[in-house]
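The values are calculated or read from the model by the stated rules, or taken from the named source; none is laboratory data. Values in this document were obtained by computation on a predicted structure and should not be read as measured data. Methodologically, a virtual Cβ is constructed for each residue, glycine included, from the backbone with ideal geometry; neighbour enumeration extends over all protein chains shown. Note: accessible area is taken over every heavy atom of the protein model, side chains too, but ligands, DNA and RNA are not part of it. Shrake-Rupley method; radii C 1.70, N 1.55, O 1.52, S 1.80 Å.
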Amino acid sequence: MKRALVCGAGGFIAHHLVRRLKAEGYWVRGVDIKRPEFGPTEADDFQRLDLRESANCEAALEGGFDEVYQLAADMGGMGFIHSAECEIMRNSALINIHMIDAAAKAKVPRYFFSSSVCIYRDMQPGEPEMTEEQAYPAQPDNEYGWEKLYAERIAMAYGRKFDMAIRIARFQNCYGPEGTWKGGREKAPAALCRKIAEANDGGEIEVWGDGSAVRSYTYVDDMTDGIYRLTQSDLEGAVNIGCPEYVTVDELARTIAELAGKGIIIKHIDGPVGVQSRNFSNARIESIGWQSQFPLRKGIEKTYPWICSQVQRASGG
Ligand code: NAD
């Protein structure tokens with residue numbers, strides 16, 4: 001039985017990844033500074049450890065592992081990314097430095113790292129797709145992106161020195177059930193689902209910016225499928241993973257409202273928006289058989305009812 005260590009397993013994507021690895025027949029240890037918020041983990045073993053400490057990274061690896069999936073990070077949506085630059089650059093860098101070092105010392109043969117399309121520069125609507133190597137010359141829009149770029153590089157440097165297979169995915173925005181939906185760290189799809197769940201039919205919701213920023217939103221099952229396939233593959237270097245459907249923030253809000261069966265008025269207000277546009281090639285991840293199975297509507301159909309139930313529960317409904 002293969003053994004996998006999943007770092008950040010108390011968080012959204014890694015919680016789902018544990019489920020996927022269990023379905024593939026792995027023995028899984030999850031590790032995080034906190035337990036999963038929305039239901040029990042399926043990991044065989046779960047340890048609460050602060051991975052900013054090197055001794056804790058070493059402890060997490062005790063027993064030996066075939067694969068490490070490193071998804072732990074101090075992260076959140078645009079509001080958090082803009083208000084917590086120092087925390088992100090310190091905490092996530094410490095995790096990434098100590099975890100790759102501990103994995104090399106423990107002779108882990110295969111190491112996955114979760115990077116982000118935030119490492120790319122801003123784009124204009126209509127620009128042709130960018131490929132992975134076009135990340136350089138680098139000009140990320142925020143410090144979160146710079147930390148990810150550094151973490152990609154340290155992982156690859158250790159891979160070269162210690163004969164460790166390094167697999168790196170650059171995720172587009174990911175959404176789905178059991179993700180943070182309130183509190184300031186939630187991302188746009190969850191925040192808009194919450195606002196629409198809370199609004200009356202015909203009511204108003206606030207949207208940061210002018211609503212024209214273009215994004216792709218990837219349903220979490222597509223993301224975990226990409227992570228798993230990539231880690232098993234021979235693909236070296238960074239690999240984009242994202243749904244090929246691009247929409248504006250207003251289109252995202254209108255899709256959610258339609259599926260919620262509500263007429264909604266969008267009020268644009270000042271707020272952190274991030275880059276204007278994105279458009280990335282999926283050719284590398286598709287070359288190993290990955291295909292997005294969840295267009296936006298299909299993913300929102302699964303996500304909105306879950307957030308709606310959370311909103312109702314929180315309001316005692
Ligand atoms: P998340 O915040 O739900 O999960 C991250 C987990 O890391 C959390 O459970 C958190 O408690 C844990 N963590 C933070 N500091 C820690 C520490 N010191 N020790 C141990 N654990 C610690 O985020 P997510 O959305 O599941 O993202 C997972 C990974 O994917 C992150 O690296 C993130 O940067 C990356 N990513 C996510 C998205 C997205 O849209 N969700 C997009 C691009 C990249």
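When region 7-24 is filtered for residues that are over 12 Å from Ile227 (Cα atoms) and more than 9 Å from the ligand (Cβ to nearest atom), the ones remaining, listed by number, are Arg19, Lys22, Ala23, Glu24. Just so you know, in region 107-138 the residues that are among the hydroxyl-bearing types (Ser, Thr, Tyr) and more than 30 Å from Lys2 (Cβ to Cβ) include one that is surrounded by the fewest Cβ atoms within 10 Å (Cβ to Cβ), and it is Tyr136.
Taking region 280-300 as the range and being in contact with a strand residue (DSSP E or B) (Cβ under 9 Å, 6 or more places away or on another chain), outside any loop (DSSP other than H, G, I, E, B), open to solvent by 30 Å² or more (accessible area, probe 1.4 Å) and more than 17 Å from Tyr175 (Cα to Cα) as the test, the residues that pass are Ala283, Arg284. The condition of being buried (at least 22 other Cβ atoms within 10 Å of the Cβ) and either within 9 Å of the ligand (Cβ to nearest atom) or at pLDDT 95 or above (or both) holds for only one of Leu61, Leu71, Leu49, that being Leu71. Within region 233-244, the set of residues being open to solvent by 20 Å² or more (accessible area, probe 1.4 Å) and either closer than 15 Å to Glu152 by Cα or over 17 Å from the mean Cα position of the chain (by Cα) (or both) comprises Asp234, Leu235, Glu236, Gly237.
Just one of the listed residues (Ser315, Ser277) is touching a Pro at 6+ places or on another chain (Cβ under 6 Å) and either open to solvent by 60 Å² or more (accessible area, probe 1.4 Å) or touching a residue at least 40 places away in the same chain (Cβ under 8 Å) (or both), namely Ser277. Every test in (1) open to solvent by 30 Å² or more (accessible area, probe 1.4 Å); (2) outside any loop (DSSP other than H, G, I, E, B) is passed by Phe80 save one, and that test is (1). Among the criteria (1) modelled with pLDDT of 95 or more; (2) within 12 Å of the ligand (Cβ to nearest atom); (3) within 18 Å of the chain's Cα centre (by Cα), the one Arg90 does not fulfil is (3). Scanning region 25-43 for residues that are over 20 Å from Ile227 (Cα atoms), more than 11 Å from the ligand (Cβ to nearest atom) and either in a strand (DSSP E or B) or of a type outside the set (Gly, Ala, Ser) (or both) yields one hit, Pro40.
Considering region 124-210, the qualifying strands (runs of 3 or more DSSP E), each wholly inside and each with 1 or more residues that are modelled with pLDDT under 95, run over 204-208.
Within region 255-263, does at least one residue satisfy the condition of being among the hydroxyl-bearing types (Ser, Thr, Tyr), surrounded by 16 or more Cβ atoms within 10 Å (Cβ to Cβ) and farther than 23 Å from Ser281 by Cα? Yes: one or more hits.
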